[in-house]
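Peer 1: Here's a structure for you.
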Amino acid sequence: KQMPGIRDEFPHTIRWLMTCVHQLGLAEVKMPMAGTSKSSTAVPKKEAAPKKEAAPKKEAAPPKQSAPAPAAAPAQSVEGQGEAESSKKDVKKKAKEDAKKAKEEERRRREEEEKRARDAKFKGPDLTQDDFQNHTFGNLFIQSACKVTRTWTSVSELTPSLKSQAVWIRARVQNSRKQGNKLCFLALRQELCTVQAVVVGPEAAGFSGSLPDESVVDIYGTVVCPEVPIQSCSKSDVEISVEKIFCISRAEPLPIQLADASRSEEALEKDPNAVKVDLATRLNNRVIDVRTVANQGIFRIQSGVCELFREFLLQNKFQEIHSP
């Protein structure tokens, strides 16, 4: 207003200055444009522009940068994800193990059922002292109900001189080998001597093949001299052709096999995969361990030494006593 000449002479410069004033938000300066009322009223409209620049208030929003805190959430979610995946793996592993265990139990159960069915099929009839002579095989329970007239022959007494003679033998079944449906080989053990017995016939062979090891049997048969020596038995020059076989004591499943307990150190060195019975197992199953050839030999040596001592002392007028 004080310099109308300048406003008229430099209108564009004045307008630019006014625009700068409004943009910078300086004091309420009202400088009308070119003396017109319209230009004076346009100033307030331009003063409203700073309200648009109220947007800088949004710069106060940066405190929202606390959003990095959620960065911990992804880490926790990753950890939770890992734990969930590991738990899923554990569940799958356990399910697989349970399935494997169930399958193994099912297989064992099926084998036991098959064995029971097989044993039931070849179990044989239950006989008594009164009627066993009328059968060729079966289970005979020994009782002192009557006097028998059978004459027993020891396995150690079997020689080729008894060829074609019929004998009664009571011995343990060391092992059995069934070949086909009509033939079975038994290895019979009595003390330290063993002899092979041959059973022929579908029913008798099935009954003989189902006998557990260490069962006690009574056998009636004929002494035969084989053309080829039997290397698996101590009596290699004779065998028994079985006519009758009766099981008088059927063994239960053994905790250890006598063949494993009888295996020597040399045999174990030759075959590292062979089963080795440790001392603790032998002591826990001593009743079976004493049947091995080694232990039987030790007992006989001990008995011989004690007998020599006894004979010497008796010859020198000593009296044997057993103190309480």
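The values are calculated or read from the model by the stated rules, or taken from the named source; none is laboratory data. This is a predicted model, so every value here is computed, not measured. Quick reminder, even Gly has a Cβ in these numbers, built from the backbone with ideal geometry, and neighbours come from all protein chains shown. The protein model used for the area step is the full one, side chains on, heavy atoms only, and it has no ligands, DNA or RNA in it. Shrake-Rupley method; radii C 1.70, N 1.55, O 1.52, S 1.80 Å.
Peer 1: Among the strands (runs of 3 or more DSSP E) lying completely within segment 120-214, list those that include at least 2 residues that are under 36 Å from the mean Cα position of the chain (by Cα) and at pLDDT 90 or above.
Peer 2: Filter on segment 120-214 gives 166-179, 183-190.
Residue-wise test of (1) crowded, with 20+ Cβ neighbours inside 10 Å; (2) within 30 Å of Thr149 (Cα to Cα).
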{"position": "Asp213", "(1), (2)": "no, yes"}
{"position": "Pro226", "(1), (2)": "no, yes"}
{"position": "Ile230", "(1), (2)": "no, no"}
{"position": "Cys247", "(1), (2)": "yes, yes"}
{"position": "Asp260", "(1), (2)": "no, no"}
{"position": "Ser264", "(1), (2)": "no, no"}
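Peer 1: When you scan segment 238-249, do you find a residue that is within 20 Å of Gly297 (Cβ to Cβ), touching a Cys at 6+ places or on another chain (Cβ under 9 Å) and assigned to a loop (DSSP other than H, G, I, E, B), even just one?
Peer 2: Within segment 238-249 (the criterion being within 20 Å of Gly297 (Cβ to Cβ), touching a Cys at 6+ places or on another chain (Cβ under 9 Å) and assigned to a loop (DSSP other than H, G, I, E, B)), the answer is no, since none of the residues qualifies.
Peer 1: Of the residues Ala280, Ala267, Ala294, which single one is in a helix (DSSP H, G or I) and modelled with pLDDT under 90?
Peer 2: Working: Ala280 fails: modelled with pLDDT under 90; Ala294 fails: modelled with pLDDT under 90.
Just a single option satisfies the conditions, and that option is Ala267.
Each row is one residue, and each column tells you yes or no for (1) under 14 Å from Ile245 (Cβ atoms); (2) open to solvent by less than 50 Å² (accessible area, probe 1.4 Å); (3) touching a residue at least 40 places away in the same chain (Cβ under 8 Å).
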{"site": "Asn175", "(1), (2), (3)": "no, no, yes"}
{"site": "Lys178", "(1), (2), (3)": "yes, no, no"}
{"site": "Asn181", "(1), (2), (3)": "no, no, no"}
{"site": "Cys184", "(1), (2), (3)": "yes, yes, no"}
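Residue-wise test of (1) surrounded by 10 or more Cβ atoms within 10 Å (Cβ to Cβ); (2) closer than 30 Å to Leu162 by Cα; (3) in contact with a Cys (Cβ under 6 Å, 6 or more places away or on another chain).
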{"residue": "Val216", "(1), (2), (3)": "yes, yes, no"}
{"residue": "Pro253", "(1), (2), (3)": "no, no, no"}
{"residue": "Leu268", "(1), (2), (3)": "yes, no, no"}
{"residue": "Leu314", "(1), (2), (3)": "yes, no, no"}
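Peer 1: Can you find a residue in segment 225-247 that is over 35 Å from the mean Cα position of the chain (by Cα) and aromatic (Phe, Trp, Tyr)?
Peer 2: Scanning segment 225-247, I find at least one residue that is over 35 Å from the mean Cα position of the chain (by Cα) and aromatic (Phe, Trp, Tyr), so the answer is yes.
Peer 1: Report yes if Gln133 is closer than 30 Å to Lys244 by Cβ and open to solvent by 50 Å² or more (accessible area, probe 1.4 Å), otherwise no.
Peer 2: Yes.
Peer 1: With respect to the numbered conditions (1) in contact (Cβ under 8 Å) with a residue 12 or more places away in the chain; (2) of a type outside the set (Lys, Arg); (3) open to solvent by 20 Å² or more (accessible area, probe 1.4 Å), which one is the sole condition not fulfilled by Val155?
Peer 2: (3)
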